[in-house]
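Reviewing the structure listed below.
The values are calculated or read from the model by the stated rules, or taken from the named source; none is laboratory data. Quick caveat, the model's predicted, so the values are computed rather than measured. Cβ atoms come from the backbone with ideal geometry, glycine included; neighbour counts cover every protein chain shown. Calculation scope for accessible area: heavy atoms of the full protein, side chains included, ligands and nucleic acids excluded. Shrake-Rupley method; radii C 1.70, N 1.55, O 1.52, S 1.80 Å.
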Amino acid sequence: MSKTLKQHFPMIRDRLELQMEIESNPDLKAVFESWIPERQKEFLDICTGVRGMKFLYDSFFKEILNPEYTPERLESLLSILLREDVTILETLPADSTRIADETSLLIMDIVVRLSDGTIVNLEVQKIGYRFPGARSACYSADLLLRQYKRSRSEQKRLNKNFNYKNIKGVYTIIFFEHSPTSFHEFPDSYLHYFEQVSDTGLRLDLLQKYLFIPLDIFKEKQQNKDKKIEGILEAWLTFLSEDDPEKILHLIETYPQFKAMYEDAYSLCLNVEEVMQMFSKELAELDRNTVQLMIDEMEEELEGKRKELEGASKELESASKELESKSKELESKSKELEGLRLKEVEMITRIYHSVQDIKKAAE
């Protein structure tokens with residue numbers, strides 16, 4: 001399979017050649033041997049074309065779709081996703097607005113301002129966050145506040161009164177490599193657009209829009225289509241998510257414009273030291289993802305156990321109240337029976353005395 005890819009990308013390294021270069025450089029060897037065997041194999045497979053590139057990784061994505069050096073690539077992707085032609089005006093720093101401790105499950109995060117002033121945040125999550133709607137809304141609000149401050153500052157600089165009509169919208173686009181469970185309730189959908197709407201039909205521009213893209217659902221759906229790629233949207237999603245060489249070849253044969261990006265990626269692999277540093281960075285991020293996932297799963301499990309205990313406690317409380325009620329009922333019945341018994345004794349006593357009186361009278 002790698003020979004087939006090498007025919008299209010002759011710069012792809014041979015495995016033995018790459019291993020010898022790593023082995024001959026003490027620094028590269030030390031880094032390589034610090035990885036577990038599974039990661040070592042993954043790195044060699046990527047660089048030698050046995051597997052496709054990991055374009056969802058932050059370093060690789062920003063190298064190949066860099067909005068500063070090759071803006072037309074990211075503009076093409078955003079135009080497809082936003083369903084309108086867009087032009088990137090500038091790249092904005094993302095970390096300054098990232099909510100504290102929100103980076104743990106991110107693979108990639110990039111923020112750009114479009115020519116119309118709209119801010120677009122594009123991020124990739126290895127593992128979907130719990131409560132994806134709530135955290136996305138919070139981050140979107142953070143970006144919107146950024147727009148507000150920018151607009152207000154600009155109007156002040158121009159000696160103009162602030163006007164809310166000058167605030168531009170914000171778009172949050174999230175790719176999930178492994179999407180949250182809730183998305184799998186819609187196995188036929190891999191694009192979910194959100195914006196605020198009124199139940200009366202009244203239209204107001206509330207400035208915040210969202211797009212969630214579960215790539216795992218997209219890949220699963222594609223497997224049922226006999227590998228056929230229909231349209232440029234599916235081509236882009238295949239490019240971002242697929243590492244199967246056969247499917248990559250089908251992609252570049254059907255949509256040749258993607259070949260240049262693969263060429264840049266495999267040319268990048270010629271600089272072994274640089275690509276190993278990039279790969280190490282991604283592995284460190286994935287390790288943090290794994291730890292965070294374990295923490296989230298443990299918290300979820302503990303929450304489940306807590307609810308089970310609460311449920312059991314309520315059941316015991318209910319049973320206790322039921323027993324108490326039964327006890328009171330039995331006590332009441334006992335008193336009732338005791339009363340009947342006393343009446344019975346009283347009646348027998350009266351009868352006895354009556355019989356005695358009759359006997360005396362008869363004598």
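What FRET efficiency comes out for Asp85 versus Leu309 if R0 is 56 angstrom and r is the Cβ-Cβ distance? Round to the nearest 0.05.
Details: r = 56 Å, r/R0 = 1.01.
That gives a FRET efficiency of 0.50.
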| note | In this structure, the FRET efficiency calculated for Ser318 and Glu185 from their beta-carbon separation, with R0 = 35 Å, to the nearest 0.05, is 0.60
| note | Expected field for Met278, accessible surface area in Å² at 1.4 Å probe radius, rounded to 10, holds 20
| task | Work out the charge dipole of the chain with +1 on the Cβ of Lys and Arg and -1 on the Cβ of Asp and Glu about the Cα centre, then indicate which of Val111, Ser140, Gln155 is farthest towards its positive end. | result | Gln155
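For the pair Ser198 and Tyr148, what calculated FRET efficiency results from E = 1/(1 + (r/R0)^6), where r is the Cβ-Cβ distance and R0 = 25 Å, to the nearest 0.05?
Numbers: r = 22 Å, r/R0 = 0.89.
With R0 = 25 Å, the Cβ-Cβ based efficiency is 0.65.
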| What is the distance, in nm, between label points placed 7 Å from the Cα along the Cα-to-Cβ direction at Lys41 and at Ile232? | 3.9
| request: Determine the distance separating the Cα centre of the stretch 214-283 from the Cα centre of the stretch 14-35; give it in Å without decimals. | output: 25
| Which label in [x] 47; [y] 34; [z] 51 gives the computed percent of Cα pairs over 32 Å apart | [z]
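When the chain is fully extended, how far beyond the present Cα-Cα distance does Tyr352 get from Lys160, taking 0.36 nm per residue of separation? Write down the numbers at each step before the final one.
Details: separation 192, 0.36 × 192 = 69.12 nm, distance 11.34 nm.
Roughly 57.8 nm would be gained on extension.
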| Roughly speaking, what is the centre-to-centre gap between the stretch 112-179 and the stretch 62-90 when only Cα atoms are used, to the nearest Å? | 17
| field | the chain: calculated mean residue ellipticity at 222 nm from DSSP helix runs of at least 4, using -39500 (n - 2.57) | value | -19500 deg cm²/dmol
| Contour minus end-to-end for Glu253 and Ser332, with contour as 0.36 nm per residue of separation and end-to-end as the Cα-Cα distance? | 19.6 nm
